[in-house]
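What follows is one structure encoded as structure tokens, with my remarks underneath.
The values are calculated or read from the model by the stated rules, or taken from the named source; none is laboratory data. As the structure is a computational prediction, the values presented were derived from the model and not from experiment. Backbone-built Cβ (ideal geometry, glycine too); neighbour counts: all protein chains shown. Only protein heavy atoms, including side chains, enter the accessible area calculation; ligands, DNA and RNA are left aside. Shrake-Rupley method; radii C 1.70, N 1.55, O 1.52, S 1.80 Å.
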Amino acid sequence: MVERRLPILPERTPVPLFDLVLVGATGDLALRKLFPALARRAAEGVLPEGSRILGVVRSGDSPEALKEHLGTKLRAHGVADEDVRRLLPIVEFVKADIADAQSLSGLAERLDDPTRVRAFYLATPPDRFIPASRALKSAGLLEGGTRLVLEKPLGQDLASARAINEAVAAVLPESQTYRIDHYLGKETVQNLLVLRFANTLFERSWSERDIDHVQITVAETVGLEQRAGYYDKIGALRDMVQNHVLQLLCLFAIEPPNTLTADAIRDEKLRVLRALKPISGADVLQKTVRGQYIRGSLDGSPVPGYAEELGRESSIETFVALRCELETWRWAGVPIFLCTGKRMGSRYSEIVVTFRKLPHLIFPGQAGAAVEANRLVIRLQPNDGLQLQMMMKVPGSGRLKLVPRVLDLRYDTAFDERMPDAYERLLTDVIRGDQTLFMRRDEVEAAWSFIDPIVEGWKEHYATPHRYVAGTSGPAQAVAIIEREGRSWSDPELRE
């Protein structure tokens, strides 16, 4: 008898009536991610009739031309024509300088209904956060329960992050401030909590007793794209590790919260960040690897090196590998390897948990020699899902032969539901007032407290990054950082 898998019907809960103000509405993030996410939520009936999306621009074409341009961009990014026609009527464009209170009078006149949820999304560079928040306060636009969304990065070091946090705190309480990291909106990232705390199978083995080491990798195939001016001031450590990668580590390693409330979860994440063993001074030579890509090829096509894309030589890193430890009872002595890079051989994000080897083998000869440690792969992109590597016997009545095989659960085959984009979840969470997937001020500052000493150590001891060919897995030194401990990087291509 074949078991019939019944479809799991999605739940669609409309959000409250709202006015969402997108600042930087003609920028790449808004056109590529935010508006498409809102279009899909509108198509699903999540956005109630009468809600408005107000796009703020400082200059440019007429509102009609801007709306026509938005429709073109939405279709180019895969939004169905019917969904475009459903979204455009609730979009308005307003010309204003978000950092100038006097220019916000026209916007203030439109935001005249105190019964609606009001949210401002600052899809702008971080140097606009302070003047924008002050101008919004002066214009009287942060009254009541108004929410303010800050796009990453939040500063470029601890001092600048604190300055932004203090300026925002002066005009708005923490309960109305949403620091967004789109990685936290990914379905598989959210599933980390379910994997940990809804399955005794894993929770009981989630510690130094059973886990040998952990790898967290975010690999990109893209280069600079349109971010040269920003990226060359920041680099991979501050652009990716300080937020995306450390947030993945937090959700992986947290202790069970008492409840699923936003602050209970964020309290536990904060403890993880504060438990990170510092890396500073000459330690960077043993526990970190910096890299920068040079000319190579991807998918058979040549790609330029970083300096060629930038137009000049630079010492900024496009690749980082770190060997970290958490100083807690649960994780003491477990190496945690963090890795991220641009122009890598393939694009993927994953957490790989390698369990300890068997303490004693009862299988003789070649059968015993083939036994490998169990490995759990939490794949965030692409092919989101879980893979569990186990040892199996090869069928047959001859000599005993063992091979590793994978239990493979992929979201696209396990569920009939469409995988939503991370911003679809996060935007509606803002409107609902749910801060669970957003970073609290002390989280951001704790992350910078770990990153800043590494940056300072690099300045003194590790000023020049190692070179790696575009389309490869990074510099050779990244192999050494893990293999000198008798371990090796997981290869995703061997599991596909």
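Things to note:
- Restricting the trypsin sites (Lys or Arg not before Pro) of the stretch 220-262 to loop positions (DSSP other than H, G, I, E, B) with no more than 13 neighbouring Cβ atoms within 10 Å leaves Arg227.
- A value for Cα extents along the principal axes in Å was derived from the coordinates, and within the list [x] 72, 62, 45; [y] 80, 66, 49; [z] 76, 59, 42 it appears as [y].
- Shape class for the stretch 31-83: oblate, because the ratio a/c of the largest to smallest gyration tensor axis (alpha-carbon atoms, square roots of eigenvalues) is 1.5 or more and b/c is at least a/b.
- Rolling a 1.4 angstrom probe over the protein heavy atoms with all chains in place gives the chain an accessible area of 46 Å² per residue.
- Inter-label distance, Leu400 to Glu174: 5.7 nm, where each label sits 7 Å from its Cα along the C-beta direction.
- Mean Cα-pair separation over length for the stretch 393-496, i.e. relative contact order, pairs under 8 Å, 6 or more apart, %: 8
- The stretch 1-123: C-alpha gyration tensor shape, a/c 1.5 cut-off, then a/b vs b/c: prolate
- Phi angles of the stretch 69-82 translate, via the Karplus equation with coefficients 6.51, -1.76, 1.60 and θ = phi - 60°, into HN-Hα couplings of 4, 4, x, 4, 5, 4, 5, 5, 9, x, 7, 4, 4, 4 Hz per residue; Gly and Pro are given as x.
- Estimated inter-spin distance, Ala463 and Asp112, nm [label 7 Å along Cα→Cβ]: 6.1
- In the chain, helices alone account for a calculated mean residue ellipticity at 222 nm of -9000 deg cm²/dmol, with every DSSP H run of four or more residues adding -39,500 (n - 2.57).
- Cα gyration tensor shape for the stretch 128-199, rounded if a/c is under 1.5, else prolate or oblate: prolate
- Label point 7 Å beyond Cα of Val371 along Cβ direction - residues of the stretch 383-413 with amide nitrogen under 16 Å: 390-394, 400-405
- Candidate cross-link partners of Lys393 among the aspartates and glutamates, defined by an alpha-carbon separation under 14 Å and a same-chain spacing of 8 or more, comprise Glu372.
- Each other residue within a Cβ distance under 10 Å of Lys287 adds +1 if Lys or Arg and -1 if Asp or Glu, for a net charge of 0.
- Per-atom-type breakdown for the chain gives carbon and sulfur 51% of the accessible area (1.4 Å probe, protein chains only).
- Residues whose amide H comes within less than 5 Å of that of Ser473, counting only those at least five positions distant or on another chain, are Gly345 (H built at 1.01 Å from N in the peptide plane).
- Cross-link table Lys33/Lys73; Lys33/Lys186; Lys186/Lys269; Lys152/Lys277; Lys73/Lys186, entries beyond 19 Å C-alpha to C-alpha: Lys152/Lys277; Lys73/Lys186
- Modelled label positions at Ser297 and Met391, each set 7 Å beyond Cα in the direction of Cβ, lie 4.1 nm from each other.
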